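**Q** Can you read through this structure? Questions will come right after.
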Amino acid sequence: MTDMKIIVAIKQVPERDAPLRIDSAAQWIGESGLRYAMNEPDAYALEEALRLKESAGTEGEVVAVSAGPERVGTTLREALAKGADRAIHIVCGDLASRDALAVARLLAAAIQPENPSLVLTGLQSEDLGQGQTGVILAELLGLPHASLIVQAEMTATGLKVKRELEEGWFQFIELPAPAVLTIQSGGNKLRYATLMGIKRAKTKPVRTLAAADLGLASAPAVILDQVTLPQKQKSTQMLSGSAEEAAAALVEKLKFEAKVL
Amino acid sequence: MSGILVVQEARKDGNTRAFQETLAAGRVLAGYTGLEIEAAGVGDSNSNLFAEFIGPPPAAAHAIEHPLLSRYTSDGYVLAFEQLIRKLQPAYAVFPHSYQARDFVPRLATRFSQALISDVTAIESGPAFVRQLFQGKMNAVYRHPGGGPCFVSIQSGAFRPDGTSGGVTTIDHFTPEIDAAQIRTRPGDPFRASAQTVDLGSAQRIVGVGRGIKDAANLPLVQDLASALGAELAASRPICDNGWLPMERQVGSSGQTVAPKLYVAAGISGAIQHLVGIKGSQCIVAINKDRDAPIFEVADYGIAGDLFEVLPALTAAVKKAK
């Protein structure tokens, strides 16, 4: 068997608690001053990739790939610090204006020549949350896929994976490799980058590819027309004052208004 | 047909709530486009696939039948729906946003050089499709430029099935061409990880805890409130992922669905995956330090404040009121 090569597609997204505002064209958020982080499900995909490589015990490689502007480099360095062997940065300044198919095409163009044994990515991103990139990637690469995976192991014939279904149900799926898996959060405990890892990451190779070189721009399949603030579904009574005052007011409301105490 | 194809997910128990909601979404779309609705689903002649429609029935229903589809696989479903859609050429194909649809529809859409507009919460004139961004903190309005079918999936609970049932429609049987070798995955039987010993579904009061609690060591703060209220303890996904509470206490799309009289969301931002699990609650209280957290959009009462101050104060106030 040839050495295992696992590609992990990673997205950089605004930090979870980052204050968001709509940009002036109302077609995306204002990005200046925002802090960014690795998309959490992708962090789990990376973790699964590192574990698979370690458990195989043979010479193998984990390659992190990400599309986005220059700032994406920090997320790729984080992946390298955690144990990825090298990275591919698809430099692309207009990621947010591309639809899921267009982004997956970029990733597929970068991944195809690598001939991976396995491609992993998080099941969805925390910004757009479309939950499609991995599944589209599989189609573009002509590979089988399994989604919402919490556990994966290599077998003699390919892979055995544990897939999460709704309402606490699971199933095992067997599929041949190479394949694409989309990873659900929580399957493993995430590792931290060690000091040694951070130091090593500085010398690991990051290859940059220009999005424009990866293929033809095609007409968008869907258009994100406008970003808006959500409408309140209920009129929420906000209780103010000190913690004690708010708590007392709430208990009063729950008892006499909502009648649920 | 050049109309709207509403897709039903195959379940042993016949028509699902999700299908009726998807059909309701299809009717909203039909209202804006003037197009006719047809339904499709995988199931053999013996299944009661299109046994019931809430509201007016679709103009026709297509039962996709093939022995290789008796068990769901993405490869099988992509092949089957690809052939049906090429035959019918609908302008729109509308799916429930289920785990199953998430697994195969993006792949199906790619075969048509299309991208699925997923997890749609509202349809407006245009038609325009509204879906959430940033875990519910923002909304996005999407449009389809035309030229090929537009693939849409509908969020659970977003559209209300309305009207009388009892209407029937003609059922067309469609047998796709599928070869066993084209199905690359081998799915096993579904199972539950452990016997569910906590039934949150019937709890009258629930205190749910989220990331805001910061550390497992702080959990006694919510446990104290829960016991003062006589409530069950529940959690959003990250808490269970971290192993701070067992998976069986998870509420949301991958956990349990609850409908208590009182649901207190403590340090839960209100990502959609959690909200779908608590929609049936009679009264929702949100405590969160972020005033813009989406949980406040669905809460009846809110306290924007520090969990670590509010929780002990609330526990004390509840005890005092008894």
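**Q** Based on what the data block shows, is B:SER74 at positive phi and either open to solvent by 20 Å² or more (accessible area, probe 1.4 Å) or at the interface with chain A (Cβ under 9 Å from one of its Cβ atoms) (or both)?
**A** It is false that B:SER74 is at positive phi and either open to solvent by 20 Å² or more (accessible area, probe 1.4 Å) or at the interface with chain A (Cβ under 9 Å from one of its Cβ atoms) (or both).
**Q** Just to be sure before I move on: is A:THR203 more than 9 Å from every other protein chain (Cβ to nearest Cβ), of a type in the set (Ser, Thr, Tyr) and without any contact (Cβ under 8 Å) to a residue 60 or more places away in the chain in the structure I sent? Quick ask: steps written out before the conclusion?
**A** Working: more than 9 Å from every other protein chain (Cβ to nearest Cβ): yes; of a type in the set (Ser, Thr, Tyr): yes; without any contact (Cβ under 8 Å) to a residue 60 or more places away in the chain: yes.
Here the answer is yes, as A:THR203 does meet what is asked.
**Q** How many residues does region B:193-214 contain that are more than 12 Å from chain A (Cβ to nearest Cβ) and surrounded by 14 or more Cβ atoms within 10 Å (Cβ to Cβ)?
**A** Result for region B:193-214: 5.
**Q** If you don't mind, another one. Can you list residue pairs whose Cβ atoms sit under 6 Å apart, with the first residue in region B:215-233 being within 14 Å of another protein chain (Cβ to nearest Cβ) and the second being surrounded by fewer than 20 Cβ atoms within 10 Å (Cβ to Cβ) and assigned to a loop (DSSP other than H, G, I, E, B)? Count only pairs 6 or more apart in sequence or on different chains.
**A** Here the result reads B:ALA216/B:TRP244, each pair linking region B:215-233 to a residue that is surrounded by fewer than 20 Cβ atoms within 10 Å (Cβ to Cβ) and assigned to a loop (DSSP other than H, G, I, E, B).
**Q** Residue by residue through region B:178-192, note down the ones that are open to solvent by less than 70 Å² (accessible area, probe 1.4 Å), under 30 Å from B:ARG249 (Cβ atoms) and assigned to a loop (DSSP other than H, G, I, E, B).
**A** Hit for region B:178-192 is B:GLY188, nothing else.
**Q** Which one is farthest from A:LEU120 (Cα to Cα), of the residues in region A:172-190 that are open to solvent by less than 20 Å² (accessible area, probe 1.4 Å), at pLDDT 95 or above and facing chain B (nearest Cβ under 7 Å)?
**A** It comes out as A:ILE173.
**Q** While we're on this one: Can you tell me which residue among B:VAL141, B:VAL78 is in a helix (DSSP H, G or I) and β-branched (Val, Ile, Thr)?
**A** Just a single option satisfies the conditions, and that option is B:VAL78.
**Q** Within region A:151-171, how many residues turn out to be surrounded by 19 or more Cβ atoms within 10 Å (Cβ to Cβ) and either more than 9 Å from chain B (Cβ to nearest Cβ) or not acidic (Asp, Glu) (or both)?
**A** So the count comes out to 6.
**Q** Return a yes/no flag: does region B:291-306 have any residue that is touching a strand residue (DSSP E or B) at 6+ places or on another chain (Cβ under 7 Å), more than 7 Å from every other protein chain (Cβ to nearest Cβ) and open to solvent by 30 Å² or more (accessible area, probe 1.4 Å).
**A** yes
**Q** What number of residues within region B:155-177 satisfy the criterion of being surrounded by 19 or more Cβ atoms within 10 Å (Cβ to Cβ) and modelled with pLDDT of 95 or more?
**A** Adding up the residues that qualify gives 1.
**Q** When the residues of region B:34-53 are narrowed to those that are at pLDDT 90 or above and aliphatic (A, V, I, L, M), which ends up farthest from B:ARG160 (Cα to Cα)?
**A** In this case the residue turns out to be B:VAL42.
**Q** Still on this structure, I have one more. Grab the helices (runs of 4 or more DSSP H) fully contained in region B:225-316, keeping just those with 3 or more residues being closer than 24 Å to A:PRO230 by Cα.
**A** Correct list: B:272-278, B:295-298.
**Q** Let me ask something else about it. Across region B:238-259, which residue is nearest to the other protein chains (Cβ to nearest Cβ) among those that are open to solvent by 40 Å² or more (accessible area, probe 1.4 Å) and under 12 Å from B:GLY277 (Cβ atoms)?
**A** Going through the qualifying residues, I end up with B:THR257.
**Q** Among the listed residues A:ALA211, A:ALA193, identify the single one that is more than 11 Å from chain B (Cβ to nearest Cβ), touching a Lys or Arg at 6+ places or on another chain (Cβ under 6 Å), over 30 Å from B:ALA317 (Cβ atoms) and surrounded by 12 or more Cβ atoms within 10 Å (Cβ to Cβ).
**A** Among A:ALA211, A:ALA193, only A:ALA193 is more than 11 Å from chain B (Cβ to nearest Cβ), touching a Lys or Arg at 6+ places or on another chain (Cβ under 6 Å), over 30 Å from B:ALA317 (Cβ atoms) and surrounded by 12 or more Cβ atoms within 10 Å (Cβ to Cβ).
**Q** If you don't mind, there's one more thing I want to ask. If I filter region B:261-273 down to residues being without any contact (Cβ under 8 Å) to a residue 60 or more places away in the chain, of a type outside the set (A, V, I, L, M, F, W, C) and under 22 Å from B:LEU221 (Cα atoms), which single residue comes out as surrounded by the fewest Cβ atoms within 10 Å (Cβ to Cβ)?
**A** B:LYS261
**Q** Starting from residues that are on the phi > 0 side of the Ramachandran plot and open to solvent by 30 Å² or more (accessible area, probe 1.4 Å), keep the ones in region B:88-135 and report whichever is farthest from the other protein chains (Cβ to nearest Cβ). Give the steps one after another, and end with the answer.
**A** From region B:88-135, those on the phi > 0 side of the Ramachandran plot are B:89, B:113, B:119, B:126, B:134-135; that's our starting set.
From what is left, the residues that are open to solvent by 30 Å² or more (accessible area, probe 1.4 Å) are B:89, B:113, B:126, B:135.
Numbers: B:GLN89: 17, B:SER113: 6, B:GLY126: 9, B:GLN135: 6 Å.
Here the residue is B:GLN89.
The values are calculated or read from the model by the stated rules, or taken from the named source; none is laboratory data. This is a predicted model, so every value here is computed, not measured. Here the Cβ is made from the backbone with ideal geometry for all residues, glycine too, and neighbour counts use every protein chain on show. Keep in mind that these areas ignore ligands, DNA and RNA; they rest on the heavy atoms of the full protein, side chains included. Shrake-Rupley method; radii C 1.70, N 1.55, O 1.52, S 1.80 Å.
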